[in-house]
Amino acid sequence: MKHALITALIGTSTLLASGTASAQAKPEDVIKYRKALMVMQANSVRPLAAMAKGQRPYDKDIAIRNAAILELTGKMMMETVAAGSDKGAETRAKPEIWSDAAGYKKVSDNYSAEAAKLSEAAKAGNVDALKAQIGGVIKACDSCHDAYRSK
Ligand code: HEC
């Protein structure tokens, strides 16, 4: 029974299939993944920004968890712009992501570096560093959006 369930899950999961060279994920699924990752980032960054502005009490556990999510999503960022996912569903991703892939990787790496610093500050329980670094992360979000996301 357990085995049948696992087989069924693996059999129907296009995301799992995308991990193999033979089966490429459908563009619309990659676009869905890209948007979902971004929504997760927005939801993770928002409480941290509120803490930084004093609109919400500092909570070390939430800070650590959300910063860890932001660090992790950075590592997944390039998967969400897999070749062929420039069209196939409604998207605000600009064609430059694929025509200037090195430039995109650079802003993605910059984001990852900023998110890693945020995670360090959160784990250390360093509120001042956390507050300062939230700005660095949001700047990294914006610098990618300004160049590679249409309005
Ligand atoms: C390396 C580039 C890059 C970085 C860094 C980045 N984004 Fe994005 N973001 C995009 C692209 C490209 C889109 C457009 C996705 C689409 O429409 O296919 C997008 C779309 C979004 C959306 C709209 C999602 C939707 O449902 O259509 C939100 C919200 C968002 N980003 C938030 C964030 C936040 C918050 C951060 C930082 C914590 C961030 N992004 C960092 C490239 C980036």
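Remarks
- Between Lys151 and Glu96, the simple spin-label model (points 7 angstrom out along Cα→Cβ) gives 1.4 nm.
- The residues neighbouring Arg46, those whose beta-carbon lies less than 14 Å from its own, together hold a net charge of +2 under the Lys/Arg +1, Asp/Glu -1 convention.
- Sum of side-chain charges, Lys32 neighbourhood, beta-carbon under 14 Å (Lys, Arg +1; Asp, Glu -1): +1
- Modelled spin-label separation between Lys87 and Lys123, with each label point placed 7 Å from Cα along the Cα-to-Cβ direction: 4.4 nm.
- Hits among lysines - C-alpha to C-alpha of Lys151 under 23 Å, sequence gap 8 or more where chains match: Lys32, Lys35, Lys87, Lys94, Lys105, Lys106, Lys139
- Sequence-separation-based contact order of the stretch 19-151, relative, with Cα cut under 8 Å and 6+ spacing, percent: 31
- Ranked packing of 114-121, 41-48, most packed first, by mean Cβ within 10 Å: 114-121, 41-48
- Separation in nanometres of the label points that stand 7 Å from Cα toward Cβ, at Lys35 and Gln55: 2.5
- Protection proxy ranking for 71-80, 54-63, using the average of other Cβ atoms within 10 Å per residue and placing the highest first: 71-80, 54-63.
A short reminder: the numbers here are calculations on the coordinates, not readings from a lab. All values derive from a computational prediction rather than experimental measurement. FYI the Cβ positions are ideal-geometry reconstructions off the backbone, even for glycines, and counts take in every protein chain you see.
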